[in-house]
Amino acid sequence: YLADAIGNINTNTLCTFITCVSCLLIWTFAYTYETLMGFSVVFGFCSGSYFALISPITTHLVGLDKFLSTVSIIRFTNIIPLFGANIASAIEGSLSSEPYFSYKMFAGVANLVATIILLVFKLRVNRNFFAKI
């Protein structure tokens, strides 16, 4: 519903930003079960937007004639994030901080970088910041 109202790219950008904020501000300070469940709800609600919206965004950009080959390449590159947990674990092992702190920061910063890339992408597609894209 939200993607129909404000656009696919706008929805994906907004959800990625909310995921970033939830990692950096909620999960980082989640020391109780209730706070952790609140984080899980916010993160779970927004983190799947990429998988739900990647096909319509790809269709918008390349058209139906190139859709299958483009989305196949995009899905193939989804292998790269599988190494995120290993990278965060290596960082965690080299630090002497609270448990899972590096995972929290790594996930938050990765989503922040994704939000910035999506904003740049959106502005390249249409210079009007409030355009429905």
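The values are calculated or read from the model by the stated rules, or taken from the named source; none is laboratory data. Note that the structure is a prediction, hence the values are computed from the model and not measured. Methodologically, a virtual Cβ is constructed for each residue, glycine included, from the backbone with ideal geometry; neighbour enumeration extends over all protein chains shown. The accessibility values were calculated without ligands, DNA or RNA, using every heavy atom of the protein model including side chains. Shrake-Rupley method; radii C 1.70, N 1.55, O 1.52, S 1.80 Å.
Quick check on my filter: what residues within segment 55-65 are surrounded by 14 or more Cβ atoms within 10 Å (Cβ to Cβ) and either of a type in the set (Lys, Arg) or not in a helix (DSSP H, G or I) (or both)?
Passing the criteria: none in range.
Could you count how many residues in segment 1-15 are open to solvent by less than 70 Å² (accessible area, probe 1.4 Å) and on the phi < 0 side of the Ramachandran plot?
10
Take segment 16-54 and flag every residue that is open to solvent by 50 Å² or more (accessible area, probe 1.4 Å) and either assigned to a loop (DSSP other than H, G, I, E, B) or at positive phi (or both).
Hits for segment 16-54 are Tyr31, Thr32.
Does Ile73 count as part of a helix (DSSP H, G or I) and surrounded by 17 or more Cβ atoms within 10 Å (Cβ to Cβ)?
Considered against the rule, which asks whether it is part of a helix (DSSP H, G or I) and surrounded by 17 or more Cβ atoms within 10 Å (Cβ to Cβ), Ile73 comes out as no.
Could you please tell me which pairs satisfy a Cβ distance under 7 Å, a separation of 6+ or placement on different chains, a first residue in segment 110-122 that is open to solvent by 50 Å² or more (accessible area, probe 1.4 Å), and a second residue that is of a type in the set (Val, Ile, Thr) and outside any helix (DSSP H, G or I)?
none
Need pairs with beta-carbon distance below 9 Å; first residue at pLDDT below 85 and within segment 75-92, second open to solvent by 80 Å² or more (accessible area, probe 1.4 Å); sequence gap 6+ or separate chains.
Correct list of pairs: Ala88/Tyr100; Glu92/Pro99; Glu92/Tyr100.
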